[in-house]
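The next block holds one structure in the form of structure tokens; read it before the comments.
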Amino acid sequence: MSLLIDAVVAQAQGNIGYQEGPGNDNKFAATAKHPNHQPWCATFIVACFAKAGALAAVKSTSSCIDLLKWGKTKKAIVELKDAKRGDLILMDFTGSKIPQHVGIASKDFNPQLKNIETIEGNTSDSGSQANGDGVYRKVRPAQFVLAVVRPQWSN
């Protein structure tokens, strides 16, 4: 299991600094077999899992809402305090209780600082956090984390 987690996180790390083209054009859509030119944070996640040979561990969807539903169906939602490297971190920046964004945890939850380090696609360094221009490492405070979905590594 840890080898798959390492492989997924390595795929995400290897894309830090990638920048999208016009109209959300991105290289991850083809790998994930998702439509291109749409918000692609979940597509980035799926592509990382696919490239790591771990696609069976997550739902192949381009929707954060579907990832949350899948996590609930699979009983794979874990408390933020238990979030581990390789988990999917669904974020709500508006307080709507609807996920607008997702990233891969690159470290375990930090209980002292109450945050988690992630690698995310379709975010930005300084602009929109839910529909940005590339792949970035982020540190997300607990207040923005809506749910943590644990991939089904044993599948």
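Listed values, structure above:
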| read-out | value |
| --- | --- |
| Residues satisfying the stated conditions in the stretch 113-139, i.e. of a type outside the set (A, V, I, L, M, F, W, C), part of a strand (DSSP E or B), over 12 Å from the mean Cα position of the chain (by Cα) and more than 16 Å from P39 (Cα to Cα) | N115 |
| Filter result (outside any strand (DSSP E or B), more than 14 Å from F49 (Cβ to Cβ) and within 15 Å of the chain's Cα centre (by Cα)) within the stretch 86-97 | D92, F93 |
| Considering residues of the stretch 98-112 that are free of Cβ contacts under 8 Å to residues at least 24 places away in the same chain and assigned to a loop (DSSP other than H, G, I, E, B) only, the residue nearest to the chain's Cα centre (by Cα) | K107 |
| Filter result (free of Cβ contacts under 8 Å to residues at least 60 places away in the same chain and either within 11 Å of L88 (Cβ to Cβ) or among the basic types (K, R) (or both)) within the stretch 62-77 | C64, K69, K72, K75 |
| Single unsatisfied condition, I104 versus (1) surrounded by 14 or more Cβ atoms within 10 Å (Cβ to Cβ); (2) β-branched (V, I, T); (3) in contact with a Ser or Thr (Cβ under 9 Å, 6 or more places away or on another chain); (4) more than 16 Å from W40 (Cβ to Cβ) | (4) |
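This table checks each residue for (1) of a type in the set (F, W, Y); (2) in contact (Cβ under 8 Å) with a residue 24 or more places away in the chain; (3) touching a Leu at 6+ places or on another chain (Cβ under 8 Å); (4) over 25 Å from D92 (Cβ atoms).
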site	(1), (2), (3), (4)
G14	no, no, no, yes
Q19	no, yes, no, yes
P22	no, no, no, yes
K27	no, no, no, yes
N36	no, no, no, yes
T43	no, yes, no, no
C48	no, yes, no, no
A52	no, yes, yes, yes
L55	no, no, no, yes
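We did not get these values from a lab; they are worked out from the coordinates using the rules stated. Everything quoted here is computed from the prediction, not taken from an experiment. Methodologically, a virtual Cβ is constructed for each residue, glycine included, from the backbone with ideal geometry; neighbour enumeration extends over all protein chains shown.
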